[in-house]
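Worksheet: the structure to be examined is printed underneath.
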Amino acid sequence: MTETAKTKQHLVTDAQWRALTAIADCIIPASAEFDAPSAGDAAICKAIVKGAGRRLEPLRAALSTLDDLARASQEAAFADLDGARRQSVAEAFRSAHPAAAELLELLTTQCYYRDDRVMISLGIPVRPPHPEGYTVEQGDWSLLDPVRRRPEFHR
């Protein structure tokens with residue numbers, strides 16, 4: 001059994017997995033120009049599910065609600081819809097369930113921009129920030145003077 005199949009089997013249902021890959025693809029489509037995958041890529045969706053943590057139950061609920069909305073309005077699962085009908089259902093979902101849509105967008109973008117292929121396509125080196133670190137331009141330290149002049153306080 002592949003790792004993706006394990007993720008689908010243990011953390012989300014097959015219908016939720018299909019809805020996730022479809023909505024993630026709507027949120028961030030593939031880019032041939034930058035040679036970047038869509039957010040619906042299996043590895044990225046696996047990271048979304050595994051990275052949900054304490055938000056796994058709201059994620060499951062959002063995906064089920066999205067699929068239910070598609071079935072009610074289009075008589076098909078969200079993943080089975082063509083592009084225009086999928087977009088229509090996604091917009092209706094966003095209007096009716098803004099918090100759930102925001103959760104899907106947040107988890108998708110967080111995991112998408114952690115993917116090595118995406119980082120390479122953006123020209124960002126795939127490495128941890130330390131020990132090499134990154135060069136940070138020095139700012140205007142005088143902006144902290146008002147804070148330094150405040151009396152000390154403790155909680």
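Here are some notes:
- Scanning the stretch 93-106 for residues that are closer than 20 Å to Asp41 by Cα and either touching a residue at least 40 places away in the same chain (Cβ under 8 Å) or part of a loop (DSSP other than H, G, I, E, B) (or both) yields Leu103, Leu104, Glu105.
- Across the stretch 107-155, the number of residues qualifying as surrounded by 12 or more Cβ atoms within 10 Å (Cβ to Cβ) and part of a helix (DSSP H, G or I) comes to 11.
- Among the residues of this structure, Ala92 does not count as one that is exposed (fewer than 10 other Cβ atoms within 10 Å of the Cβ) and under 30 Å from Arg60 (Cβ atoms).
- Residue within the stretch 83-92 that is of a type in the set (Lys, Arg), part of a helix (DSSP H, G or I), under 14 Å from the mean Cα position of the chain (by Cα) and at pLDDT 95 or above present: no
- Qualifying residue in the stretch 43-53 (condition: over 12 Å from Thr108 (Cβ atoms), out of contact with any Asp or Glu (no Cβ under 9 Å at 6 or more places or on another chain) and open to solvent by 30 Å² or more (accessible area, probe 1.4 Å)): yes
The values are calculated or read from the model by the stated rules, or taken from the named source; none is laboratory data. Computed from a predicted structure; not experimentally measured. All Cβ positions, even for glycine, are placed from backbone atoms using ideal geometry, and neighbour counts span all protein chains on display. For the accessible areas, the whole protein counts, side chains as well, though only heavy atoms, and no ligand, DNA or RNA atoms are used. Shrake-Rupley method; radii C 1.70, N 1.55, O 1.52, S 1.80 Å.
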